[in-house]
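Asks: Pasting a structure below so you can have a look.
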Amino acid sequence: MIGGPNQPRSSLGRVQGFTISVEATKVYGWNSHGILVVAANDTRLTWAEQELVRQLGAKLYGRRQREKHHGQTR
């Protein structure tokens, strides 16, 4: 066999999904629709920015069920 074994052929091959970049999707959402998706513990943010994200999330969607505050579960 020159070039190694062939991949198995399947009738489902044409409908297989493709891998998307989560970060690229976030960038598209922000640039195209003004939608921001950010984790409250994103290490690219300062502590103050992370706290702002937590406060906005709590205001818009309510407090998280298992949110930790100073090492204690609420």
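The values are calculated or read from the model by the stated rules, or taken from the named source; none is laboratory data. No experiment lies behind these values; they were computed from the predicted model shown. When we count neighbours, we look across all protein chains shown, and the Cβ atoms used for this are built from the backbone with ideal geometry, even at glycine.
Asks: From the residues in region 23-74 that are among the polar types (S, T, N, Q) and exposed (fewer than 10 other Cβ atoms within 10 Å of the Cβ), which one is modelled with the lowest pLDDT?
Replies: Keep residues of region 23-74 that are among the polar types (S, T, N, Q), which gives 25, 31-32, 41, 43, 46, 50, 55, 65, 72-73.
With exposed (fewer than 10 other Cβ atoms within 10 Å of the Cβ) added as a condition, the list becomes 31-32, 41, 43, 46, 65, 72-73.
Numbers: ASN31: 97, SER32: 97, ASN41: 95, THR43: 96, THR46: 98, GLN65: 87, GLN72: 56, THR73: 53.
Here the residue is THR73.
Asks: Output yes when any residue across region 12-22 is at pLDDT 75 or above and polar (S, T, N, Q), and no when none is.
Replies: yes
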